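First the structure, in the form of structure tokens, and then the observations on it.
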Amino acid sequence: MKSEILTITPEQAKRLLATNIDNNRAVSMKSVRFYSDMMKRGQWMTNNGESIKISNSGKLIDGQHRLYAVIHANIPISFYITYGVDEKSFTTIDTGYNRSTSNIFNIAGIKYYSRISAIVSGYLMMRKMDNKYYRKAQLTPNYISKQDALNIYFENEKIFDEIQVISNKYYLKLKILSASMVGSIMAYLIIDVKHPKEVVFSFFYQLYEFEPCKNNTIKILRNKLINDGLNGFKMSPKFKSMLITKAWNAYVNGEKLRSLSWDEENDKEVRML
């Protein structure tokens, strides 16, 4: 393999895209516009740790969003170009063994990138429970690339930004759940389950005592989370998520439970309504 810095014009970008490997991912126009805006503002960094990758047979295997952004911005941009990359590496090129999702969000210029990337990652983990999503998106439950995570953020940027602010506010008041766990649950309920955000936010406002508790089940959940570990029993993440799910389901169904429990060995997993 060899690498060099080249200035790519919009016409050269079109020629490179014509060689795009057949199974490259679908283009996210939000990502393209984001990169394009950076380029037009002069904020694009050539030395950002990423290169345009060309296979040993001359096919483009990484960099299509950046090249589409050059066309969209209609200005020449310099990139590192790496030649002679094995096409078999295409399936692992974006997993970023030396680069976390937080790093990728930082490079994309996202404010509060660490918090937001944690929320998006947790949200995607929750999506793994919904096989219909994976069939629709043609993704396997074990693999979602960091570019996919970035694209999903841009597709839902406004709500993720709002959730980040609110979940951090909850955490600063009462550290019973991580901000990323609360944020990922809220994102899943709003984006995938299609609950109005006001209903979702109200559940957590009551849990964190920002507004009067109207459902005693929420109060029971809060007390269990506060007392977690105090009596020698530490909830597992799965156990904790099941209690949250049961409390949420009671809340949306208008039910008021007298107790809240779940047996990891004997009870079935509960899905959020």
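The values are calculated or read from the model by the stated rules, or taken from the named source; none is laboratory data. Because the structure is a prediction, the values reported are computed rather than measured. Positions of Cβ are backbone-derived with ideal geometry, glycine not excepted, and every protein chain shown enters the neighbour counts.
From the set of residues in the range 211-242 that are of a type in the set (S, T, N, Q) and not in a loop (DSSP other than H, G, I, E, B), which is farthest from ARG258 (Cα to Cα)? This residue is SER241. Scanning the range 62-75 for residues that are over 23 Å from the mean Cα position of the chain (by Cα) and under 17 Å from LEU6 (Cβ atoms) returns LEU67, VAL70, ILE71, ALA73, ILE75. Looking across the range 1-44, just one residue is in contact with a Gly (Cβ under 7 Å, 6 or more places away or on another chain) and charged (D, E, K, R), and that is LYS2.
With respect to the conditions (1) crowded, with 19+ Cβ neighbours inside 10 Å; (2) closer than 18 Å to GLY254 by Cβ; (3) among the β-branched types (Val, Ile, Thr); (4) in contact (Cβ under 8 Å) with a residue 24 or more places away in the chain, ILE163 lacks only one, and its number is (2).
Quick grid of which residues meet (1) of a type in the set (S, T, N, Q); (2) in contact with a strand residue (DSSP E or B) (Cβ under 6 Å, 6 or more places away or on another chain); (3) free of Cβ contacts under 8 Å to residues at least 40 places away in the same chain:
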site: VAL200; (1), (2), (3): no, no, yes
site: ASN216; (1), (2), (3): yes, no, no
site: ILE220; (1), (2), (3): no, no, no
site: GLY229; (1), (2), (3): no, no, yes
site: LYS238; (1), (2), (3): no, no, yes
site: VAL252; (1), (2), (3): no, no, no
site: SER259; (1), (2), (3): yes, no, yes
site: LEU273; (1), (2), (3): no, no, no
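Exactly one residue out of GLY63, GLY42, GLY49, GLY109 is modelled with pLDDT under 90 and surrounded by 15 or more Cβ atoms within 10 Å (Cβ to Cβ): that is GLY63.
Picking from residues in the range 15-35 that are at pLDDT 85 or above and under 11 Å from LEU67 (Cβ atoms), the one that is surrounded by the fewest Cβ atoms within 10 Å (Cβ to Cβ) is ALA18. Only one entry of GLN147, GLN138, GLN206 meets the criterion of being over 14 Å from the mean Cα position of the chain (by Cα), at pLDDT below 90 and not aliphatic (A, V, I, L, M), and that entry is GLN138.
So is TYR205 of a type in the set (Ser, Thr, Tyr), part of a helix (DSSP H, G or I) and surrounded by fewer than 19 Cβ atoms within 10 Å (Cβ to Cβ) or not?
Working: of a type in the set (Ser, Thr, Tyr): yes; part of a helix (DSSP H, G or I): yes; surrounded by fewer than 19 Cβ atoms within 10 Å (Cβ to Cβ): yes.
It is true that TYR205 is of a type in the set (Ser, Thr, Tyr), part of a helix (DSSP H, G or I) and surrounded by fewer than 19 Cβ atoms within 10 Å (Cβ to Cβ).
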